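Beneath this line is the structure, given in structure tokens, with notes to follow.
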Amino acid sequence: MKPFVLFLAAALALPAAHSQLPAADSLHAALDTFLDRQLAAQLAEFDESKKGNWLYYLPSVGIGYTPIAKSGPDGDIRFDNAPRPTLSFSIGQVLNARRRDRDLSAKRESLAASAALDREKAHRELDRLLHRYALLLLELETMRRVQEIDRQLFVLIQADYDAARISPQEFLPKQKAFLEGELAVMRKEMEVAGVEGEVRNFAHFSR
């Protein structure tokens with residue numbers, strides 16, 4: 001198993017950092033499904049453009065004006081210049097058609113090879129997003145633990161303030177610091193949720 005997968009599994013196992021993401025294997029499988037469909041659509045469009053290649057092997061049809069000598073009733077020779085259909089075909093025409101077939105086949109192979117490289121890049125990018133997500137989960141869990149300690153301390157401070165054992169000048173800065181810590185946790189939770197959405201969208205995971 002890759003190190004980042006172990007790292008992510010450890011992050012997902014943290015009790016307070018509840019992940020909304022599916023398993024990494026499921027995300028990679030969803031990405032593969034999308035890329036397979038994308039490539040199939042590209043190849044289908046490409047193959048559709050190849051239809052009609054057989055037309056290149058047909059002879060050319062035209063109209064010719066080749067005069068034909070005919071003898072008339074009086075024995076005179078006359079030339080009939082009436083237009084007549086003509087057919088022409090050449091080896092060069094066949095060679096050009098085969099060359100075009102080879103070019104199209106090469107382009108199809110190039111398209112498939114390019115798609116394979118893009119697939120590798122996409123999976124690496126998904127791994128990077130998952131690694132970032134795991135780090136954020138660990139950071140969020142640490143912030144929540146620190147904030148829980150701050151909450152317990154603030155309860156004591158609040159009790160001292162209510163009992164008039166500390167002045168407002170002492171109490172208010174501590175209250176402000178506690179609320180700022182709460183806000184920081186909320187912002188980190190929003191950041192984690194944003195990365196979760198980014199991962200789902202990138203992997204095209206809809207379930």
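Values in this text are rule-based calculations from the coordinates and carry no lab data. A quick note: this is a predicted structure, and the numbers were derived from the prediction, not measured. No Cβ is skipped: glycine too gets one built from the backbone with ideal geometry, and neighbour counts run over all protein chains shown.
Say each of His123 and Ser110 gets a label point 7 Å from the Cα, pointing the same way as Cα to Cβ; how far apart are those two points in nm?
2.6
For Asp101 and Ala40, what does the FRET efficiency come to when R0 = 25 Å and r is the distance between their Cβ atoms, rounded to the nearest 0.05? Working shown, then result.
Details: r = 22 Å, r/R0 = 0.87.
Working from the Cβ atoms, E equals 0.70.
In the stretch 147-176, which trypsin sites (Lys or Arg not before Pro) fall in coil by DSSP and have 13 or fewer other Cβ atoms within 10 Å? Please list the in-between numbers first.
Working: sites: Arg151, Arg165, Lys174, Lys176; in loops: Arg165.
Taking the stretch 147-176 and a limit of 13 other Cβ atoms within 10 Å, the loop trypsin sites (Lys or Arg not before Pro) found are Arg165.
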